[in-house]
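K.L.:
Supplied in structure tokens, the structure appears directly below.
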Amino acid sequence: MSILLDLFLTFAKIGLFTFGGGYAMIAMIENSCVEQKQWITHDEMMNITVIAESTPGPIAINCATFTGYKKAGFPGALTATFGIITPSFIVIYLISMFLDHFLEMTMIANAFKGIKIAVGILILDAAAAMIKKMQKKKLPGTILVCSCMIMLCVNLFAWNFSSISLMLMAAIVSLTIFILRGSPVRKGGEER
């Protein structure tokens, strides 16, 4: 039962003290679940992030659900998910109840301007950490660079191009190469 409480409190802390949504939470999830608690490995965190991004729902909730499931099965998944959403729900509920014009307050509006900058830095930090830990192979690096360049061009030139389409194209390229190369695991269980 203590693992469920630990899962709840860990993800509640992440949910309470992280602004900016799921991408900003990735760095805190990795710090708590990989480095401090060692519930999952760095490779599993990268896989979780990719899967959580491609499945419906917020990325942080999907990461919490997977981590909770890996640690304590279905009850762990429910507990971790409930832990990460509870603080946000309570804060938003209280704000909506007591403050009709919360964001119109000058002090709050200025605080959120500063928070936007911090959120951007958290997202960049999470991305940089994942890139450093990524296996240094040509194909993933090439897909990463091409995807970044395409998204940069889309943003700079205001092209009407969906990021979902870009993800689907990257998935198709990866699957095609996987099929052409065959399984990445040899008969002896070693990677190529």
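K.L.:
Suppose R0 equals 35 Å. What FRET efficiency, 1/(1 + (r/R0)^6) with r the Cβ-Cβ distance, do Met169 and Lys70 give to the nearest 0.05? Can you show the working numbers first?
P.N.:
Numbers: r = 30 Å, r/R0 = 0.85.
Efficiency, from the Cβ-Cβ distance: 0.70.
K.L.:
Quick one: check the C-alpha center-to-center distance for the range 1-50 versus the range 109-132, whole angstrom.
P.N.:
That distance is 17 Å.
K.L.:
Using alpha carbons only, how many degrees (0 to 90, rounded to 10) separate the axis of helix 59-98 from the longest principal axis of the chain?
P.N.:
Computed tilt is about 30 degrees.
K.L.:
So which lysines pass the test for Lys138, namely a Cα distance under 25 Å, with those fewer than 8 places away in the same chain ruled out?
P.N.:
Reachable lysines: Lys187.
K.L.:
Still on this model: For the peptides 142-148, 153-159, 10-16, 34-40, what is the packing order when you average, over each peptide's residues, the other Cβ atoms within 10 Å and list the highest mean first?
P.N.:
Working: 142-148: 13.1, 153-159: 10.1, 10-16: 21.7, 34-40: 14.9.
Averaged packing, sorted descending, gives the order 10-16, 34-40, 142-148, 153-159.
K.L.:
Continuing with the same structure: Give, as ranges by residue number, the residues of the range 26-59 whose backbone N falls under 17 Å from the point 7 Å along Cα→Cβ of Ser162.
P.N.:
53-57
K.L.:
Subtract the Cα-Cα distance of Met151 and Ile92 from 0.36 nm times their separation in residues, and report this length gain in nm to one decimal.
P.N.:
That pair, Met151 and Ile92, stretches by 18.0 nm at full extension.
K.L.:
Hey, another quick one. Based solely on its DSSP helices, what 222 nm [θ] is calculated for the chain when runs of n ≥ 4 H residues each add -39,500 (n - 2.57) and the sum is averaged over all residues, nearest 500 deg cm²/dmol?
P.N.:
Details: 7 runs with 144 residues, N = 192.
Computed mean residue ellipticity for the chain: -26000 deg cm²/dmol.
K.L.:
Here's a follow-up. Expressed as a whole percent, how much of the Cα-Cα distance distribution for the chain exceeds 21 Å? Provide the component values of the computation, followed by the final result.
P.N.:
Details: 11210 of 18336 pairs.
Here the tail beyond 21 Å accounts for 61 percent of pairs.
K.L.:
Considering lysine pairs in the range 2-134 that are 8 or more places apart or on different chains, how many have Cα atoms under 28 Å apart?
P.N.:
Lysine pairs meeting both conditions in the range 2-134 amount to 17.
Bear in mind that the values in this text are calculations on the coordinates, not laboratory data. Note that this is a predicted model, so its numbers are computed, not measured. Neighbour counts are summed over all protein chains in view; Cβ atoms, including those assigned to glycine, are modelled from backbone coordinates with ideal geometry.
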